[in-house]
1. May I ask you to verify whether Leu380 is in contact with a helix residue (DSSP H, G or I) (Cβ under 7 Å, 6 or more places away or on another chain), in a loop (DSSP other than H, G, I, E, B), closer than 30 Å to Asp316 by Cβ and open to solvent by less than 40 Å² (accessible area, probe 1.4 Å)?
2. Could we say that Glu73 is open to solvent by 20 Å² or more (accessible area, probe 1.4 Å), under 22 Å from Ala359 (Cβ atoms) and among the acidic types (Asp, Glu) here?
3. If we scan segment 81-90, do we find a residue that is modelled with pLDDT of 85 or more, open to solvent by less than 20 Å² (accessible area, probe 1.4 Å), closer than 15 Å to Leu13 by Cβ and in a loop (DSSP other than H, G, I, E, B)?
4. For His229, which of the numbered conditions (1) of a type outside the set (A, V, I, L, M); (2) within 27 Å of Gly97 (Cβ to Cβ); (3) not in a loop (DSSP other than H, G, I, E, B) fails to hold?
5. Restricting the first residue to segment 305-333 and requiring it to be free of Cβ contacts under 8 Å to residues at least 60 places away in the same chain, which pairs with a second residue that is polar (S, T, N, Q) and buried (at least 24 other Cβ atoms within 10 Å of the Cβ) meet a Cβ separation below 8 Å and a spacing of at least six or different chains?
6. If the Cβ limit is 7 Å and pairs must be 6+ apart or interchain, which residue in segment 41-69 that is farther than 14 Å from Cys84 by Cα pairs with which residue that is of a type in the set (A, V, I, L, M, F, W, C) and in a loop (DSSP other than H, G, I, E, B)?
Amino acid sequence: KLAMEFPSEDIFLMTASPVIKAITNFRQVSKMLEEFDVEEQPSSLLEKRYSNIKVIQSGVKQLKSDEHKIFTEDGREYMYEKLCLCAGAKPKLIFEGNPYVLGIRDTDSAQAFQKNLAQAARIVVVGNGGIALELVYEIEGCEVIWAIKDKAIGNTFFDAGAAEFLIPKLTAEKRETPIECKRTKYTMEGRENKERPIPASDQVGSALGPDWHEGLHLKGTKEFSHKVHIETVCEVKKIHLQQEFIQLQLTSLSFPKEEKNVERDEVLWPVYVELTNGKIYGCDFIVSATGVVPNVKPFLDGNNFAVGEDGGLKVDKQMHTSLPDIYAAGDICTASWEPSPVWHQMRLWTQARQMGWYAAKCMAADALGESIDLDFSFELFAHVTKFFNYKVVVLGKYNAQGLGLDHELMLRCTKGQEYVKVVMQNGRMMGAVLIGETDLEETFENLILNQMDLSAYGEDLLNPDIDIEDYFD
């Protein structure tokens, strides 16, 4: 975007990775919803496309904002007129520095996971967001103990009702053949590790795209398809290595066949997970899919950034940080303007793309002395993804975020086919969750945006015999 706006200016892209993430197969699903693939490409492609872009492959060591200078790991320094920080976020590991704990956040860690899984008979997955959800669904031939802190799965994206709708898919035998992965992986020559790969938690890779698990061979050692046991309302209390487990004379549980009949495990495992509900399970390794923390560390030292409660760099309506000429976009930043009543920040690829595009527009406007309005993509939270092979659309305050008790829910569910939930407040639609091919996303998007009073329609709003689109064309 910047390269197009300022063809005669030099634009430096600093990245610790030899590849860049490119958005491909972009499709505008509706006014607010967009679908795309995220593909890794060699950075030379970007330089070929835009003659004024130079990619500098090195990590950032230090930022001296008062001098308008960036110092890179390879010992160089660069002056900037305007700077945008898009360093993303790092996996929030349950335990740092434990070789049996893998954080999944980027393509490198997904590869390490794949190699480990090939030798695994049982793993423990901790976390309840999108990555944990997809992971548990895709894994075959390996026992999975899934520990979640909530009462129901997928709490980040939907409620207990939607979770119940999806759960039968977890135990069903695997179905459709996986689609071929569109993402190719470029690694540095000589970087392939032959031994068990351990991704360091402080290594920053680029975040995974929405279809990250496709094309990865997620299969363990066993010959069965799905075996998932969910432990709800618990967190990891402690991790014991095998030796410690034996010394402490602890007892672990075997994989539960029926809920009532829990037996002692006779197998010795490399590592043991003790949960806050008192249960201990042995496994080959643990996957920490417990969200991310903004990657602000390289930039804070010596710079007086305003930082949000979630650890991100605070940005205003123009994506400006609290320091002159420095902008931020994507997972590293915290939106600190008064948001629209039906938008909230979530560290997702869709928002990172929107913020990056808008930040470039803001930088351009600022350089030209023009003013700019907040982009319309921040009017309504809208995200489309796939879980358990169902299309999933979440709109607005889909989980009644911040609405307190002053709201009501309306539901429509056809087992194995679709799940529709709308969040209503004072007769107005505030949010929705659509699972399956409902074809309601555009209508609901408009109803949330225009805040029309729908009290008169009552329950008919979700009546499958009434074509609701005809009402609101």
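The values are calculated or read from the model by the stated rules, or taken from the named source; none is laboratory data. Quantities reported herein were computed from a predicted structural model and do not represent experimental measurements. Glycine gets a Cβ as well: all are built from the backbone with ideal geometry, and neighbour counts include every protein chain shown. Side chains included, ligands, DNA and RNA excluded: accessible areas come from the protein's heavy atoms. Shrake-Rupley method; radii C 1.70, N 1.55, O 1.52, S 1.80 Å.
1. Taking the combined requirement at face value, the residue satisfies it.
2. For Glu73, the condition - open to solvent by 20 Å² or more (accessible area, probe 1.4 Å), under 22 Å from Ala359 (Cβ atoms) and among the acidic types (Asp, Glu) - is not met.
3. yes
4. (2)
5. The qualifying pairs are Phe305/Thr321; Ala306/Thr321; Lys314/Thr321; Val315/Thr321.
6. Listed by first residue and then by second, the contacts come to Ser58/Ala16; Gly59/Ala16.
Here's the yes/no breakdown for (1) among the acidic types (Asp, Glu); (2) open to solvent by less than 70 Å² (accessible area, probe 1.4 Å):
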site: Asp10; (1), (2): yes, no
site: Gln28; (1), (2): no, no
site: Leu33; (1), (2): no, yes
site: Asp37; (1), (2): yes, yes
site: Glu40; (1), (2): yes, yes
site: Arg49; (1), (2): no, no
site: Lys54; (1), (2): no, no
site: Gln57; (1), (2): no, no
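Yes/no per residue for (1) touching a strand residue (DSSP E or B) at 6+ places or on another chain (Cβ under 7 Å); (2) within 24 Å of Lys279 (Cβ to Cβ); (3) open to solvent by 50 Å² or more (accessible area, probe 1.4 Å); (4) modelled with pLDDT under 80:
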site: Gly103; (1), (2), (3), (4): yes, yes, no, no
site: Glu138; (1), (2), (3), (4): no, no, no, yes
site: Ala147; (1), (2), (3), (4): yes, yes, no, no
site: Phe158; (1), (2), (3), (4): yes, no, no, yes
site: Phe165; (1), (2), (3), (4): yes, no, no, no
site: Pro178; (1), (2), (3), (4): no, no, yes, yes
site: Cys181; (1), (2), (3), (4): no, no, no, yes
